[in-house]
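See below for the structure under consideration.
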Amino acid sequence: MLQAGTGRSTSSHPLDRPLSRRPGEVSLAAFTLLFSELVQLHQVRSSSVPEFEAALCDAGRQVGSRALQVHWIREGKKTRETRILGILQFLSSTIWPGLFNKKADSLERGVSSKSEYMIHDANPLPTVFCEVPRSLGGMNPNAFVSGIIQGVLETAGFGCDVTAHRADEGGSGTRTVFLVNFHDDVVERDEMLEG
Amino acid sequence: MSSSKATPASRLGDLAWSKSPRTSSELFTLTYGSLVTFLLTLHPPSVVSAKLFSIGESIGSRLIDDYLSKTRQLSSSPPQCSSFGMTAEAVSKTGMKMFLNATATHEALPDADGYEIHIKNNPLTSHLELPPGMPLVYSNVIGGCVQGCLKSAGW
(Lines give C-alpha, C1' and ligand atoms only; values in the text may rest on other atoms or scores of the structure.)
Protein backbone atom coordinates (compact mmCIF):
# COMPACT_ATOMS: atom_id res chain seq x y z
CA MET A 1 0.00 0.00 0.00
CA LEU A 2 1.40 3.36 -0.98
CA GLN A 3 1.29 6.21 1.44
CA ALA A 4 2.23 9.79 0.78
CA GLY A 5 3.32 12.17 3.48
CA THR A 6 4.58 15.70 3.46
CA GLY A 7 7.49 14.95 5.76
CA ARG A 8 9.09 17.85 7.53
CA SER A 9 9.38 20.94 5.37
CA THR A 10 12.65 22.79 5.57
CA SER A 11 11.58 25.63 3.28
CA SER A 12 10.33 28.98 4.47
CA HIS A 13 6.78 30.27 4.15
CA PRO A 14 5.60 30.32 0.50
CA LEU A 15 5.04 34.09 0.64
CA ASP A 16 8.64 34.66 1.72
CA ARG A 17 10.18 32.63 -1.05
CA PRO A 18 11.14 34.61 -4.16
CA LEU A 19 9.07 34.00 -7.28
CA SER A 20 11.21 32.48 -10.01
CA ARG A 21 11.69 34.64 -13.10
CA ARG A 22 10.20 31.99 -15.32
CA PRO A 23 7.60 29.46 -14.23
CA GLY A 24 8.68 25.83 -14.32
CA GLU A 25 7.26 23.19 -16.61
CA VAL A 26 5.61 19.82 -16.31
CA SER A 27 4.80 17.33 -19.03
CA LEU A 28 1.65 17.93 -21.03
CA ALA A 29 0.59 14.35 -20.27
CA ALA A 30 0.53 15.02 -16.53
CA PHE A 31 -1.58 18.17 -16.91
CA THR A 32 -3.94 16.64 -19.45
CA LEU A 33 -4.68 13.60 -17.29
CA LEU A 34 -5.20 15.82 -14.22
CA PHE A 35 -7.55 18.07 -16.19
CA SER A 36 -9.44 15.01 -17.40
CA GLU A 37 -9.98 13.93 -13.78
CA LEU A 38 -11.17 17.44 -12.87
CA VAL A 39 -13.66 17.39 -15.74
CA GLN A 40 -14.93 13.93 -14.78
CA LEU A 41 -15.31 15.00 -11.15
CA HIS A 42 -17.54 17.89 -12.18
CA GLN A 43 -19.39 15.87 -14.82
CA VAL A 44 -20.45 13.25 -12.29
CA ARG A 45 -21.76 15.90 -9.91
CA SER A 46 -23.64 17.97 -12.52
CA SER A 47 -27.14 17.17 -13.68
CA SER A 48 -27.24 19.42 -16.75
CA VAL A 49 -24.86 20.89 -19.33
CA PRO A 50 -25.18 24.51 -18.02
CA GLU A 51 -24.45 23.26 -14.49
CA PHE A 52 -21.43 21.32 -15.78
CA GLU A 53 -20.09 24.35 -17.62
CA ALA A 54 -20.70 26.58 -14.57
CA ALA A 55 -18.78 24.14 -12.37
CA LEU A 56 -15.83 24.12 -14.79
CA CYS A 57 -15.98 27.91 -14.95
CA ASP A 58 -15.80 28.11 -11.14
CA ALA A 59 -12.79 25.81 -11.16
CA GLY A 60 -11.14 28.08 -13.73
CA ARG A 61 -11.84 31.19 -11.68
CA GLN A 62 -9.75 29.79 -8.84
CA VAL A 63 -6.87 29.36 -11.29
CA GLY A 64 -7.30 32.77 -12.91
CA SER A 65 -7.45 34.66 -9.64
CA ARG A 66 -4.10 33.27 -8.52
CA ALA A 67 -2.51 33.40 -11.96
CA LEU A 68 -3.11 37.17 -12.08
CA GLN A 69 -1.38 37.71 -8.76
CA VAL A 70 1.61 35.56 -9.63
CA HIS A 71 2.16 37.20 -13.01
CA TRP A 72 1.59 40.70 -11.66
CA ILE A 73 4.28 40.26 -9.02
CA ARG A 74 6.60 38.52 -11.43
CA GLU A 75 6.36 41.44 -13.87
CA GLY A 76 7.23 43.83 -11.04
CA LYS A 77 4.11 45.92 -11.54
CA LYS A 78 3.81 48.57 -8.87
CA THR A 79 0.36 49.91 -9.77
CA ARG A 80 -2.95 48.27 -10.56
CA GLU A 81 -4.27 48.26 -14.08
CA THR A 82 -7.36 50.46 -14.21
CA ARG A 83 -8.32 50.42 -17.91
CA ILE A 84 -10.20 47.61 -19.65
CA LEU A 85 -7.83 47.50 -22.62
CA GLY A 86 -4.82 47.49 -20.30
CA ILE A 87 -5.94 44.48 -18.31
CA LEU A 88 -7.03 42.61 -21.44
CA GLN A 89 -3.65 43.20 -23.05
CA PHE A 90 -1.89 42.03 -19.89
CA LEU A 91 -4.07 38.93 -19.95
CA SER A 92 -3.49 38.08 -23.60
CA SER A 93 0.21 38.96 -23.84
CA THR A 94 1.55 37.98 -20.38
CA ILE A 95 -0.81 35.68 -18.51
CA TRP A 96 -1.86 33.64 -21.56
CA PRO A 97 1.74 32.75 -22.54
CA GLY A 98 2.57 32.14 -18.87
CA LEU A 99 -0.18 29.54 -18.59
CA PHE A 100 -0.53 28.18 -22.14
CA ASN A 101 2.93 28.77 -23.68
CA LYS A 102 1.60 31.00 -26.44
CA LYS A 103 -0.02 34.40 -26.82
CA ALA A 104 -3.75 34.57 -27.46
CA ASP A 105 -4.36 34.75 -31.20
CA SER A 106 -6.17 38.07 -31.12
CA LEU A 107 -8.10 40.48 -28.96
CA GLU A 108 -11.05 42.34 -30.46
CA ARG A 109 -13.57 44.82 -29.29
CA GLY A 110 -17.20 43.92 -29.89
CA VAL A 111 -18.90 45.83 -32.65
CA SER A 112 -22.43 45.78 -31.32
CA SER A 113 -21.76 46.62 -27.69
CA LYS A 114 -19.26 48.73 -25.73
CA SER A 115 -19.07 46.11 -23.00
CA GLU A 116 -18.10 43.19 -25.24
CA TYR A 117 -14.59 42.08 -26.07
CA MET A 118 -13.45 38.86 -27.70
CA ILE A 119 -10.32 36.81 -27.21
CA HIS A 120 -9.56 34.34 -29.96
CA ASP A 121 -7.55 31.17 -29.60
CA ALA A 122 -7.36 28.46 -32.22
CA ASN A 123 -6.68 25.63 -29.82
CA PRO A 124 -6.75 26.46 -26.12
CA LEU A 125 -4.24 24.25 -24.34
CA PRO A 126 -6.35 22.62 -21.61
CA THR A 127 -8.86 21.22 -24.09
CA VAL A 128 -6.48 20.11 -26.83
CA PHE A 129 -7.32 16.45 -26.23
CA CYS A 130 -10.97 16.94 -25.26
CA GLU A 131 -13.68 15.41 -27.37
CA VAL A 132 -17.27 16.09 -26.41
CA PRO A 133 -19.64 13.15 -26.87
CA ARG A 134 -22.90 13.79 -28.73
CA SER A 135 -24.90 13.03 -25.60
CA LEU A 136 -23.57 16.24 -24.04
CA GLY A 137 -24.81 18.36 -26.91
CA GLY A 138 -23.32 21.81 -27.10
CA MET A 139 -21.18 21.47 -23.97
CA ASN A 140 -17.91 23.39 -24.31
CA PRO A 141 -15.06 22.24 -22.05
CA ASN A 142 -13.41 25.63 -22.66
CA ALA A 143 -15.71 26.82 -19.88
CA PHE A 144 -12.62 26.14 -17.76
CA VAL A 145 -10.58 28.67 -19.75
CA SER A 146 -13.52 31.12 -19.60
CA GLY A 147 -13.31 30.70 -15.85
CA ILE A 148 -9.59 31.47 -15.89
CA ILE A 149 -10.26 34.68 -17.86
CA GLN A 150 -13.10 35.62 -15.53
CA GLY A 151 -10.96 34.92 -12.47
CA VAL A 152 -8.19 37.16 -13.78
CA LEU A 153 -10.53 40.03 -14.65
CA GLU A 154 -12.63 39.83 -11.48
CA THR A 155 -9.55 39.76 -9.25
CA ALA A 156 -8.24 42.82 -11.09
CA GLY A 157 -11.48 44.64 -10.29
CA PHE A 158 -13.26 44.25 -13.63
CA GLY A 159 -16.52 42.38 -13.02
CA CYS A 160 -17.58 40.48 -16.09
CA ASP A 161 -19.15 37.36 -17.55
CA VAL A 162 -17.11 35.21 -19.90
CA THR A 163 -18.42 32.53 -22.21
CA ALA A 164 -16.67 30.27 -24.70
CA HIS A 165 -17.96 29.77 -28.24
CA ARG A 166 -16.82 27.65 -31.13
CA ALA A 167 -16.43 29.50 -34.41
CA ASP A 168 -16.03 27.72 -37.72
CA GLU A 169 -13.03 28.75 -39.73
CA GLY A 170 -14.31 27.37 -43.01
CA GLY A 171 -11.89 24.76 -44.26
CA SER A 172 -9.34 25.10 -41.50
CA GLY A 173 -11.34 23.70 -38.59
CA THR A 174 -12.73 25.61 -35.67
CA ARG A 175 -11.33 28.10 -33.25
CA THR A 176 -12.58 29.21 -29.89
CA VAL A 177 -13.81 32.70 -29.13
CA PHE A 178 -14.05 33.85 -25.52
CA LEU A 179 -16.70 36.52 -25.25
CA VAL A 180 -16.03 38.87 -22.33
CA ASN A 181 -19.01 40.95 -21.29
CA PHE A 182 -18.03 43.58 -18.76
CA HIS A 183 -20.60 44.73 -16.23
CA ASP A 184 -22.15 48.19 -16.72
CA ASP A 185 -20.33 49.78 -13.79
CA VAL A 186 -16.98 48.68 -15.22
CA VAL A 187 -17.80 50.18 -18.64
CA GLU A 188 -18.97 53.45 -17.04
CA ARG A 189 -15.82 53.66 -14.94
CA ASP A 190 -13.66 53.07 -18.03
CA GLU A 191 -15.49 55.82 -19.93
CA MET A 192 -15.00 58.20 -17.02
CA LEU A 193 -11.28 57.44 -16.96
CA GLU A 194 -11.08 58.04 -20.68
CA GLY A 195 -12.02 61.58 -19.91
CA MET B 1 21.57 8.78 0.70
CA SER B 2 21.07 9.93 -2.86
CA SER B 3 23.74 9.14 -5.41
CA SER B 4 24.90 11.89 -7.71
CA LYS B 5 26.08 9.42 -10.33
CA ALA B 6 23.82 9.24 -13.37
CA THR B 7 22.21 5.84 -13.68
CA PRO B 8 20.51 4.48 -16.81
CA ALA B 9 17.15 5.21 -15.18
CA SER B 10 18.00 8.86 -14.49
CA ARG B 11 19.52 9.32 -17.95
CA LEU B 12 16.34 7.90 -19.47
CA GLY B 13 14.29 10.24 -17.31
CA ASP B 14 16.29 13.25 -18.49
CA LEU B 15 16.01 12.16 -22.11
CA ALA B 16 12.28 11.54 -21.87
CA TRP B 17 11.81 14.92 -20.23
CA SER B 18 13.79 16.68 -22.95
CA LYS B 19 11.52 15.15 -25.60
CA SER B 20 8.22 15.65 -23.77
CA PRO B 21 5.69 18.24 -24.87
CA ARG B 22 5.37 20.51 -21.87
CA THR B 23 3.12 23.01 -20.25
CA SER B 24 3.41 25.60 -17.51
CA SER B 25 3.80 24.05 -14.08
CA GLU B 26 1.80 26.95 -12.65
CA LEU B 27 -1.24 25.92 -14.67
CA PHE B 28 -0.74 22.39 -13.33
CA THR B 29 -0.28 23.57 -9.75
CA LEU B 30 -3.26 25.92 -9.81
CA THR B 31 -5.54 23.38 -11.53
CA TYR B 32 -4.68 20.81 -8.86
CA GLY B 33 -5.29 23.42 -6.17
CA SER B 34 -8.68 24.13 -7.68
CA LEU B 35 -9.50 20.41 -7.65
CA VAL B 36 -8.45 19.98 -4.00
CA THR B 37 -10.34 23.12 -2.96
CA PHE B 38 -13.48 21.78 -4.63
CA LEU B 39 -13.14 18.41 -2.90
CA LEU B 40 -12.68 20.15 0.46
CA THR B 41 -16.06 21.85 0.02
CA LEU B 42 -17.66 18.42 -0.22
CA HIS B 43 -15.74 16.20 2.20
CA PRO B 44 -13.63 16.44 5.37
CA PRO B 45 -9.84 16.50 4.81
CA SER B 46 -9.25 12.84 5.69
CA VAL B 47 -11.82 11.75 3.10
CA VAL B 48 -10.31 14.16 0.56
CA SER B 49 -6.92 12.48 1.03
CA ALA B 50 -8.51 9.14 0.07
CA LYS B 51 -10.32 10.73 -2.91
CA LEU B 52 -7.05 12.24 -4.16
CA PHE B 53 -5.45 8.81 -3.92
CA SER B 54 -8.17 7.22 -6.03
CA ILE B 55 -7.96 10.05 -8.57
CA GLY B 56 -4.25 9.32 -8.72
CA GLU B 57 -4.90 5.62 -9.31
CA SER B 58 -7.14 6.50 -12.24
CA ILE B 59 -4.44 8.80 -13.67
CA GLY B 60 -1.74 6.18 -13.07
CA SER B 61 -3.59 3.44 -14.91
CA ARG B 62 -3.43 5.63 -18.05
CA LEU B 63 -0.06 7.22 -17.41
CA ILE B 64 1.70 3.84 -17.44
CA ASP B 65 0.95 3.51 -21.17
CA ASP B 66 2.60 6.87 -21.82
CA TYR B 67 5.59 5.86 -19.68
CA LEU B 68 6.05 2.49 -21.39
CA SER B 69 5.64 3.83 -24.91
CA LYS B 70 8.04 6.74 -24.35
CA THR B 71 10.73 4.70 -22.63
CA ARG B 72 10.63 2.03 -25.29
CA GLN B 73 10.76 4.63 -28.02
CA LEU B 74 13.76 6.42 -26.54
CA SER B 75 15.88 3.52 -25.43
CA SER B 76 16.85 0.38 -27.29
CA SER B 77 17.26 -1.38 -23.97
CA PRO B 78 15.00 0.29 -21.41
CA PRO B 79 15.65 -0.82 -17.84
CA GLN B 80 13.65 -3.95 -17.07
CA CYS B 81 11.97 -3.73 -13.69
CA SER B 82 12.69 -7.27 -12.62
CA SER B 83 13.06 -6.39 -8.96
CA PHE B 84 11.13 -4.03 -6.71
CA GLY B 85 14.30 -2.00 -6.20
CA MET B 86 14.63 -1.41 -9.93
CA THR B 87 10.95 -0.48 -10.05
CA ALA B 88 11.45 2.06 -7.25
CA GLU B 89 14.39 3.51 -9.14
CA ALA B 90 12.36 3.69 -12.36
CA VAL B 91 9.55 5.50 -10.54
CA SER B 92 11.82 7.99 -8.79
CA LYS B 93 14.48 8.62 -11.44
CA THR B 94 12.57 8.17 -14.69
CA GLY B 95 8.89 8.64 -13.95
CA MET B 96 9.06 11.64 -11.61
CA LYS B 97 11.48 13.41 -13.95
CA MET B 98 9.67 12.82 -17.22
CA PHE B 99 6.21 13.76 -15.98
CA LEU B 100 6.73 16.23 -13.16
CA ASN B 101 10.26 17.45 -13.89
CA ALA B 102 10.89 16.61 -10.24
CA THR B 103 14.06 15.25 -8.66
CA ALA B 104 13.30 12.24 -6.56
CA THR B 105 15.33 9.75 -4.57
CA HIS B 106 14.38 6.35 -3.26
CA GLU B 107 15.47 4.58 -0.09
CA ALA B 108 14.74 1.10 1.09
CA LEU B 109 12.58 1.02 4.20
CA PRO B 110 14.63 -0.28 7.14
CA ASP B 111 12.04 -2.58 8.63
CA ALA B 112 9.53 -3.25 5.89
CA ASP B 113 9.49 -4.60 2.39
CA GLY B 114 9.26 -1.38 0.43
CA TYR B 115 10.79 1.92 -0.57
CA GLU B 116 10.38 5.53 0.40
CA ILE B 117 10.42 8.00 -2.47
CA HIS B 118 11.36 11.58 -1.59
CA ILE B 119 10.36 14.20 -4.12
CA LYS B 120 12.51 17.32 -3.97
CA ASN B 121 10.74 19.93 -6.09
CA ASN B 122 7.15 18.77 -6.17
CA PRO B 123 5.27 21.09 -8.57
CA LEU B 124 1.96 20.45 -6.79
CA THR B 125 3.09 22.17 -3.61
CA SER B 126 5.02 25.09 -5.05
CA HIS B 127 2.72 27.83 -3.72
CA LEU B 128 1.06 25.81 -1.01
CA GLU B 129 0.39 26.66 2.61
CA LEU B 130 -1.81 24.28 4.57
CA PRO B 131 -3.50 25.33 7.83
CA PRO B 132 -1.49 23.82 10.72
CA GLY B 133 -2.80 20.50 11.88
CA MET B 134 -4.99 19.87 8.84
CA PRO B 135 -5.17 16.11 8.31
CA LEU B 136 -4.83 16.38 4.55
CA VAL B 137 -2.21 14.56 2.52
CA TYR B 138 -2.11 17.17 -0.23
CA SER B 139 0.02 15.28 -2.75
CA ASN B 140 -1.74 11.98 -2.24
CA VAL B 141 -2.57 12.02 -5.95
CA ILE B 142 1.08 11.17 -6.65
CA GLY B 143 0.94 8.15 -4.35
CA GLY B 144 -2.24 7.00 -6.06
CA CYS B 145 -0.70 7.57 -9.46
CA VAL B 146 2.33 5.43 -8.65
CA GLN B 147 0.06 2.69 -7.28
CA GLY B 148 -2.14 2.86 -10.38
CA CYS B 149 0.89 2.62 -12.66
CA LEU B 150 2.43 -0.29 -10.79
CA LYS B 151 -0.85 -2.17 -10.55
CA SER B 152 -1.34 -1.88 -14.30
CA ALA B 153 2.24 -2.97 -14.84
CA GLY B 154 1.73 -6.10 -12.78
CA TRP B 155 3.25 -5.09 -9.42
Inset, instruction - Kindly indicate which of B:ALA108, B:ALA102, B:ALA88 is out of contact with any Leu (no Cβ under 7 Å at 6 or more places or on another chain), closer than 19 Å to B:ALA9 by Cα and modelled with pLDDT of 90 or more. - result: B:ALA102
Inset, instruction - Among residues belonging to the range A:153-195 that are touching a Lys or Arg at 6+ places or on another chain (Cβ under 9 Å) and β-branched (Val, Ile, Thr), point out the one that is modelled with the lowest pLDDT. - result: A:THR174
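Residue check: is A:ARG74 within 13 Å of chain B (Cβ to nearest Cβ) and in contact with a helix residue (DSSP H, G or I) (Cβ under 6 Å, 6 or more places away or on another chain)?
It is false that A:ARG74 is within 13 Å of chain B (Cβ to nearest Cβ) and in contact with a helix residue (DSSP H, G or I) (Cβ under 6 Å, 6 or more places away or on another chain).
Let's see how each residue does on (1) of a type in the set (A, V, I, L, M); (2) loosely packed, with under 14 Cβ neighbours inside 10 Å; (3) touching a strand residue (DSSP E or B) at 6+ places or on another chain (Cβ under 8 Å):
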| site | (1), (2), (3) |
| --- | --- |
| B:GLU89 | no, no, yes |
| B:PHE99 | no, no, yes |
| B:ASP111 | no, yes, no |
| B:VAL146 | yes, no, yes |
Inset, instruction - Being buried (at least 21 other Cβ atoms within 10 Å of the Cβ) and either more than 9 Å from chain A (Cβ to nearest Cβ) or in contact with a Phe, Trp or Tyr (Cβ under 7 Å, 6 or more places away or on another chain) (or both) is the filter here, so list the residues in the range B:123-140 that pass it. - result: B:PRO123, B:LEU124, B:ASN140
Inset, instruction - Can you give me the number of residues within the range B:53-70 that are more than 9 Å from chain A (Cβ to nearest Cβ), more than 14 Å from B:GLY95 (Cβ to Cβ) and open to solvent by less than 20 Å² (accessible area, probe 1.4 Å)? - result: 0
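The values are calculated or read from the model by the stated rules, or taken from the named source; none is laboratory data. Because the structure is a prediction, the values reported are computed rather than measured. Counting neighbours? That spans all protein chains shown, and the Cβs are built from the backbone with ideal geometry, glycine included. Remember, those area values only see protein heavy atoms, side chains included, never the ligands or the DNA or RNA. Shrake-Rupley method; radii C 1.70, N 1.55, O 1.52, S 1.80 Å.
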